[in-house]
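In what follows, a single structure is set out as structure tokens and then discussed.
The values are calculated or read from the model by the stated rules, or taken from the named source; none is laboratory data. Fair warning: this is a prediction, and the values are worked out from it, not measured in the lab. Because the Cβ atoms are built from the backbone with ideal geometry, glycine has one as well, and the counts that use them run over all protein chains shown.
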Amino acid sequence: MHCVITTTVARDHRRVAQRRIFPMHRRKPFVYKGLRPPSATRAIELRIDSYVAGGVFIPRRMALQWRASAPLRAPAAHPEIAFKKFPKKICGRTPSGPKIRSFGRLERVHHSGPVIGNTLQRCVGHSLCQKGVAMTETRHTAGFNSSPLHEDQATRQRTRVVLDTSVLIGDPSSLTSFPGSEVVVPLTVVEELDGLKTRLDDVGRAARTALRTLEDLRRQAGGVLDTPLEVHAGAEGGSVHIEVNGIQRHLLVEHGLDPEIPDNRIIGAALGQVRSGPTRLISNDAALRIKAAHLGIPADEHQPVGRAASTRPMGWTSLPAPYQVIDDIYAAGAIPADAVEDGADQPENSFAVLRDGSHSALARRRLDEWVLLPNNASEAWGLRARSKEQRFALELLLDPEVTVVALDGRAGTGKTVMAIAAGLEQVVERRQYERLAVYRPLVPVGRAEVGFLPGGLDEKLDPWMSAIHDSIVALTDQRSSRDARRLIDDLIARGQLSLESVTFLRGRSLQRQFVVVDEAQNLEPTTLKTILTRVGEGTKVVFTGDTSQIDAPYMGESNNALAVLIQAFGGQECFGHVTLAACERSEVASLAAELL
């Protein structure tokens, strides 16, 4: 095993060749404190990497040999170690004779293999540090040699974040989404993006967007993006660069990985970054994360803040409230937002169940108040809410001031049927909008392609719009498929209903329409921007979907259009969001959503 110590030192104005220090004589042992108890004895090779303050050169590598006077133990993961005290003097002789006397401070230590024992006794080498130098375990990192640090990085080194192709396809803006880190894009990722850019779907659009972003950064860097380019202002900073070399073929082959496979080359690029400092690999590919973790590289899924299901807001909450406050909201119809504990922290158009034991009230956050929901539940096209979540959703769907609504929930919770009912109510009955426009992405379940379909455009889209047809069937008096088809044909003939694909939205301007975008979890964030930029005056857009049922490749729970919308628009006066939990379709559907 070996240790790598990075130092920043100042020494006399002499250039000393990079050579190994010859053995001199034994010195008394010194102690490394704060580490795990040892369990096996073996020799350790200690390497010192250093740069010189003020541009003065000192040896980059001075190899020392140590013998453990106490045994060593191999940990489950390799810790990164940092000196708490600086050994005041480094002195010795080079093979050519000149004496080295250097002063400085040790910055950081990496080691691979077993943890260093409590006491190490030097056998050969030169005097490095005094007895009692304290070391503490600070974080886990892969155990490979580290490169020297520049003087401006001495006090704080950025974590290198290596991005996989799947991350840029799912979120092209992720290149600048890691403040305080050094984002590394392997050249293999650029090659994969180049192979995907000709696709006509959302994947091709995302690949082109990511390549354009890299091209803009390359121009800012002066033509070549092989060195870190600062992309974040402020104290934390943050940079981006493309890594061309450092594939580490020998390490890949040693672990049975083919260096010609793109995913393995990305792992190899991450291994090369580990040699320079703490590194993380970000990928939405589970297999890639498993292989990277096996090689000692920390690997995570790309989950931007607020988009993961565990941290995503529900759109409603339960707040404890004094009995008198609940009486006040029933009497006045509204109370100040700060009259309830944590009430002022809730976003605009969110809902709350104010509760004091069995005494409760349903309220909605409007500006600086909690407004009581009326006792008579809202009704749309004959549809009444069956749960408090559905009531919250109908409040948003029927409010013309809320122009963007997101409904998230598992299968059978009534997302689509409520959106269609609210649209029919406001288009046909109230005449608030001129047309109900329903859009769906053409993504097959199970990624099984259906091939060519006969007929014109309407006939080709008919299989994709079956879910909308089923929702209208549920809204008819007799729940008859024939009645639903007759209603659909009549509304289409009058221009009050259109069933379309999001493919044809580019260049459109949607005026005075109630737009429903179903299965929004299968849309790319770039498509979300395309849809919202089509919205004209007097138009309301409703997004429905289930982030746990994603059929589109490269999409995940946190990088789909629905999750991005909830995170980006949260708190805006024109936006409202509700997560539906109770399945209302049937007992079988409820069990399937819960158990499967």
Qualifying position, being in the same structural domain as residue 182 (by TED's automatic domain parsing) and within 21 Å of residue 171 (Cβ to Cβ), among 261, 242, 247: 242
Some residue of region 193-209 being of a type in the set (S, T, N, Q) and within 13 Å of residue 526 (Cβ to Cβ): yes
Scan of region 522-580 for residues that are buried (at least 18 other Cβ atoms within 10 Å of the Cβ) and of a type in the set (Gly, Ala, Ser), ordered by number: 545, 552, 556, 558, 561, 563, 570, 576
Pick from region 149-191, criterion within 25 Å of residue 525 (Cβ to Cβ) and part of a loop (DSSP other than H, G, I, E, B), ranking: modelled with the highest pLDDT: 164
Filtered residues of region 197-219 (kept if in contact with a Phe, Trp or Tyr (Cβ under 9 Å, 6 or more places away or on another chain) and not acidic (Asp, Glu)): 203, 206
Criterion: buried (at least 21 other Cβ atoms within 10 Å of the Cβ) and among the hydroxyl-bearing types (Ser, Thr, Tyr) - qualifying residue of 176, 165, 198, 213: 165
Test for residue 215: is it touching a residue at least 60 places away in the same chain (Cβ under 8 Å) and acidic (Asp, Glu): no
Selection count, region 533-565, where residues are in contact with a Ser or Thr (Cβ under 6 Å, 6 or more places away or on another chain) and of a type in the set (Val, Ile, Thr): 1
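Can you work out which of the residues in region 395-412 that are assigned to a loop (DSSP other than H, G, I, E, B) and among the hydrophobic types (A, V, I, L, M, F, W, C) is surrounded by the fewest Cβ atoms within 10 Å (Cβ to Cβ)?
Initial filter on region 395-412 (assigned to a loop (DSSP other than H, G, I, E, B)): 398-403, 410-412.
So of that shortlist, the ones also among the hydrophobic types (A, V, I, L, M, F, W, C) come out as 398, 402, 411.
Details: 398: 18, 402: 20, 411: 15.
My answer is 411.
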Candidate set from region 467-503 (those that are of a type in the set (Asp, Glu) and under 18 Å from residue 425 (Cβ atoms)); member that is surrounded by the fewest Cβ atoms within 10 Å (Cβ to Cβ): 477
Extreme residue, farthest from residue 281 (Cα to Cα), among residues of region 173-185 that are in contact with a Lys or Arg (Cβ under 7 Å, 6 or more places away or on another chain) and not polar (S, T, N, Q): 180
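Yes or no, residue by residue, for (1) under 25 Å from residue 555 (Cβ atoms); (2) hydrophobic (A, V, I, L, M, F, W, C); (3) assigned by TED's automatic domain parsing to the domain that holds residue 510:
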| position | (1), (2), (3) |
| --- | --- |
| 383 | no, yes, yes |
| 387 | no, no, yes |
| 397 | no, yes, yes |
| 403 | no, no, yes |
| 429 | no, no, yes |
| 432 | no, no, yes |
| 436 | no, yes, yes |
| 442 | yes, yes, yes |
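Yes/no matrix, rows are residues, columns are (1) free of Cβ contacts under 8 Å to residues at least 24 places away in the same chain; (2) of a type in the set (Gly, Ala, Ser); (3) assigned to a strand (DSSP E or B):
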| residue | (1), (2), (3) |
| --- | --- |
| 325 | no, no, no |
| 329 | no, no, no |
| 341 | yes, no, no |
| 347 | no, no, no |
| 352 | no, yes, yes |
| 355 | no, no, yes |
| 364 | no, no, yes |
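Given 380, 293, 331, which one is touching a helix residue (DSSP H, G or I) at 6+ places or on another chain (Cβ under 7 Å) and on the phi < 0 side of the Ramachandran plot?
So the residue among 380, 293, 331 that is touching a helix residue (DSSP H, G or I) at 6+ places or on another chain (Cβ under 7 Å) and on the phi < 0 side of the Ramachandran plot is 380.
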